[in-house]
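*Asks:* Here you go, one structure.
Where a number appears in this text, it was derived from the coordinates with a stated rule and is not lab data. Computed from a prediction, not measured in an experiment: that's the story for all the values here. Quick reminder, even Gly has a Cβ in these numbers, built from the backbone with ideal geometry, and neighbours come from all protein chains shown.
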Amino acid sequence: MKVCVLGMGYIGLPTIAVLANHNMNVLGVDINKEVVDTVNKGLIHIKEPGLEKLIKEGVKSNKIRASLVPEEADVFIIAVPTPNNNDKYFSCDLDYVLKGIKMIMPYLKKHNLVIIESTIPPLTTEQYIKPLIESLGFKVGLDIYLVHSPERVIPGAIIAELIHNNRVVGGITPKCADIGKGFYKRFVKGDIIKTDAKVAELSKLSENTFRDINIAFANELTLICRELNINVLEVIDIANKHPRVNIHKPGPGVGGHCIPVDPYFIYSKAPNISRLIKLARDINNYMPKFVVKNINELIKPNSKISVFGITYKANVDDIRNSPALEIIRLLRDKGYKVEIYDPYIKEYSNNLNEVLNNSNLLLILADHKEYKNLDYKKVSELMQKPLIFDTRNCLDINNKDIEIINYGNIYKLNEIKKV
Ligand code: SAJ
């Protein structure tokens, strides 16, 4: 079986690796020549555990090739980004997906399977992609099988999740879903759930929107507890002991290329009805300002702040939509001197002492595992005023070597004098 995968990014490249590892011949296509050259050398341009080994093996055994242009194949997978448009509703920019479809159109043959894995708004497969394919004279469901099978893997565990997660396959017709399921059966160990394309589209968006709303609730509780002098972390911890409650974690905001993006794909399709979805977005978007507001109460502008972690979450090298970027920008605008240490970002990974030297505040924005076992006695000696603001609540607040403020005791902030 030959598979052509369009887009060799965070989803496409691990997918290529897993397909080749399951004995399929894969052609990876990307518009970026550097990416194509890198993959053809058996190397990778992103960090993901286990990925490099599989790509290397696949290229060596000729199962994986990369190219700027597609070729004829049995299966085509579209795994390109779908960012937000810069319009009033932050709707979905389908440009890359539609360009991808247009790129494969000259190579489509009867009985090919076309899979859209990119996250797309409800009705996109039916209203935008099907007509393009049918413009070639094919009948979808008879000549070409078209499905939406949203990727649902979490960065940091992509390879394992591609295989073990349940997979949704939404067909334009039941026959499309059958054929799609047959393909995923080759490597998926989780359940493969058949449905129609629009249910697949909206269920994927609902998963990430659920998470966004839940995080917004945790963040709103944080604001409430700050006002009412209550430990929010204890509140969440105790509430979560109920067997049917699972409140997510508050933090400095919501980043990445999915959770802060996908809810708008629903909202923009029905803006007057999607009130809860929009409000959750607004609450999470406010969090960087909340962090800066608290810092303003803690230390004076002109002071030096050491930021630990600029990626959108722990243990990944991805800074897309990271709330840290906005927080740093806001702090610099206010006149703080901000320096960054992040072991996952090359240019910020070798300067720990320099970043801490004479600093007035250590601000944790991503809870990388490397921060947990640092010698905080040494850290406090380097700093001018040894104080940590841990917006990820990842350090033990009882640490004797350094004072730590997190969302659990943030309400005490009024008692701490500005330095
Ligand atoms: N975050 C919190 N509190 C939490 C959980 C997350 O503030 O309790 C923040 C994170 O720090 C990060 C953001 O939310 O800034 C998003 O992180 P995440 O770990 O929730 O999600 P992603 O974007 O890495 O991956 C999500 C996953 N979706 C779900 O868990 C429902 C993944 O399975 C999807 O494949 C991925 O989105 C995607 O591609 O859609």
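*Asks:* With charges only on Cβ, +1 for K and R and -1 for D and E, what is the dipole size of region 161-320 about its Cα centre, in debye, rounded to 20?
*Replies:* Using only the charged Cβ atoms, the result is roughly 320 debye.
*Asks:* Roughly speaking, what is the stretch gain from ASP396 to ASN166, that is 0.36 nm per residue apart minus the C-alpha to C-alpha distance, in nm to one decimal?
*Replies:* 79.3 nm
*Asks:* Taking the beta-carbon count within 10 Å as an exposure proxy, list HIS148, HIS242, HIS164 from fewest neighbours to most.
*Replies:* Placing the least packed residue first, the sequence is HIS242, HIS164, HIS148.
*Asks:* Find which of LEU228, ILE104, ALA66 sits farthest along the positive direction of the dipole of the chain, computed with +1 on the beta-carbon of Lys and Arg, -1 on that of Asp and Glu, about the Cα centre.
*Replies:* The listed residue farthest towards the positive side: ILE104.
*Asks:* Compute the Cα gyration tensor for region 1-146, then decide on rounded, prolate or oblate, letting a ≥ b ≥ c be the square roots of its eigenvalues: rounded whenever a/c is under 1.5, prolate when a/b is larger than b/c in the other cases, and oblate in all that remain.
*Replies:* The shape class here is oblate.
*Asks:* Still on this structure, please answer the following. Taking region 70-131, which GluC sites (Glu not before Pro) meet the DSSP loop condition and have no more than 14 other C-beta atoms within 10 Å?
*Replies:* For GluC sites (Glu not before Pro) across region 70-131 that sit outside H, G, I, E and B with at most 14 neighbouring Cβ atoms in 10 Å, the list reads GLU71, GLU72.
*Asks:* Full extension from LYS33 to ASN357: what is 0.36 nm times the residue separation minus their Cα-Cα distance, to one decimal in nm?
*Replies:* Full-extension gain reported as 112.5 nm.
*Asks:* Also: Let me know the whole percent of all Cα-Cα pairs from region 337-391 that are separated by more than 13 Å.
*Replies:* The calculated P(r) of region 337-391 puts 59 percent of pairs beyond 13 Å.
*Asks:* Turning to a different aspect of this structure: How far is the Cα center of region 1-59 from the Cα center of region 161-200, in Å?
*Replies:* 21
*Asks:* Within the set of other residues whose C-beta is less than 15 Å from the C-beta of LYS60, count the net charge using Lys and Arg as +1 and Asp and Glu as -1.
*Replies:* Around LYS60, the charge tally is +3.
*Asks:* When the dipole is taken about the Cα centre of the chain, and only Lys, Arg (+1) and Asp, Glu (-1) are charged at their Cβ, what size is it in debye, to the nearest 20?
*Replies:* 240
*Asks:* Here's something else I'd like to know. What do you get for Rg/Rh of region 279-328 when both radii come from the Cα atoms and Rh is the Kirkwood radius?
*Replies:* In region 279-328, Rg relative to Rh is 1.01.
*Asks:* Sticking with this one: Each label point is 7 Å from the Cα along the Cα-to-Cβ direction; what then is the distance between the points at LYS60 and LYS99, in nm?
*Replies:* Distance between label points: 3.5 nm.
*Asks:* If you project the alpha carbons of the chain onto the principal axes, what extent comes out on each, in Å, largest first?
*Replies:* 73, 49, 40
*Asks:* Classify region 291-362: rounded, prolate or oblate, from the alpha-carbon gyration tensor (a ≥ b ≥ c, eigenvalue square roots; a/c under 1.5 rounded; otherwise prolate if a/b is larger than b/c)?
*Replies:* It comes out oblate by the Cα gyration axes.
*Asks:* Could you sort 308-314, 128-134, 84-90 so that the peptide with the highest average Cβ count within 10 Å comes first and the rest follow in order?
*Replies:* Ranking the peptides 308-314, 128-134, 84-90 by packing returns 308-314, 128-134, 84-90.
*Asks:* OK, next. Using only the Cα atoms, work out Rg/Rh for region 107-261, with Rh taken as the Kirkwood radius, to two decimals.
*Replies:* Taking Rg over the Kirkwood Rh, I get 1.12.
*Asks:* Just the number, please: percent antiparallel of the DSSP beta bridges in region 74-224, rounded to the nearest 5.
*Replies:* If we restrict to bridges inside region 74-224, about 20 percent are antiparallel.
*Asks:* Follow-up. Once you order the gyration tensor axes a ≥ b ≥ c over the Cα atoms, which shape class does region 316-419 get: rounded for a/c under 1.5, otherwise prolate or oblate by comparing a/b with b/c?
*Replies:* Cα axes put region 316-419 in the rounded bin.
*Asks:* Ignoring everything except DSSP H segments at least 4 long, calculate the 222 nm mean residue ellipticity for the chain; use -39,500 (n - 2.57) per segment, divide by total residues, nearest 500.
*Replies:* Calculated mean residue ellipticity at 222 nm is -11000 deg cm²/dmol.
*Asks:* Can you put LYS204, LYS60 in order, fewest other beta carbons within 10 Å first?
*Replies:* With the sparsest Cβ surroundings first, the list reads LYS60, LYS204.
*Asks:* Okay, moving on. Kindly state, to the nearest 0.05, the FRET efficiency for ASP143 paired with ILE230, given R0 = 56 Å and r defined as their beta-carbon distance.
*Replies:* Computed FRET efficiency for ASP143 and ILE230: 0.35.
*Asks:* Which helices, taking whole DSSP H runs in the chain, have alpha carbons extending 27 angstrom or more along the helix axis plus mean Kyte-Doolittle at least -0.5?
*Replies:* 197-228, 275-298
*Asks:* Of the options ASN373, TYR336, ILE319, report the single residue whose Cα projects farthest towards the positive end of the charge dipole of region 307-388 (beta-carbon charges: Lys, Arg +1; Asp, Glu -1).
*Replies:* TYR336
*Asks:* Given a cut-off of under 8 Å on Cα pairs at least six residues apart, what relative contact order in percent is computed for the chain?
*Replies:* 11
*Asks:* Would you calculate the separation in nanometres between label points at ARG186 and ILE273, each defined as 7 Å from the Cα along the Cα-to-beta-carbon direction?
*Replies:* Those two pseudo-labels are separated by 3.8 nm.
*Asks:* Taking 26 Å as the cut-off for C-alpha to C-alpha distance, list the pairs among LYS102/LYS346; LYS289/LYS400; LYS278/LYS337; LYS47/LYS337; LYS198/LYS278 that go past it.
*Replies:* LYS102/LYS346; LYS289/LYS400; LYS278/LYS337; LYS47/LYS337
*Asks:* How many nm separate the modelled label positions at SER203 and HIS45, each set 7 Å beyond the Cα in the direction of the Cβ?
*Replies:* 3.3
*Asks:* Compute, for region 213-282, the length of the dipole vector about the Cα centre, with Cβ point charges of +1 (Lys, Arg) and -1 (Asp, Glu) only. Units Debye, rounded to 20.
*Replies:* My answer is approximately 240 debye.
*Asks:* Looking at the chain only, what percent of DSSP beta bridges run antiparallel? Nearest 5 please.
*Replies:* Expressed as a percentage, antiparallel bridges in the chain total about 5.
*Asks:* Additional query: Could you pull out which residues in region 331-373 have an amide N less than 13 Å from a spot 7 Å beyond the Cα of GLU403, following the Cα-Cβ vector?
*Replies:* Answer for region 331-373: 360-362.
*Asks:* Any idea what Rg and Dmax come out to for region 207-289 if you just take the C-alpha atoms, in Å?
*Replies:* Using the Cα atoms of region 207-289, the pair Rg, Dmax is 13.3, 40 Å.
*Asks:* Please report the antiparallel percentage of the DSSP beta bridges confined to region 1-129, to the nearest 5.
*Replies:* Just about 5 percent of them are antiparallel.
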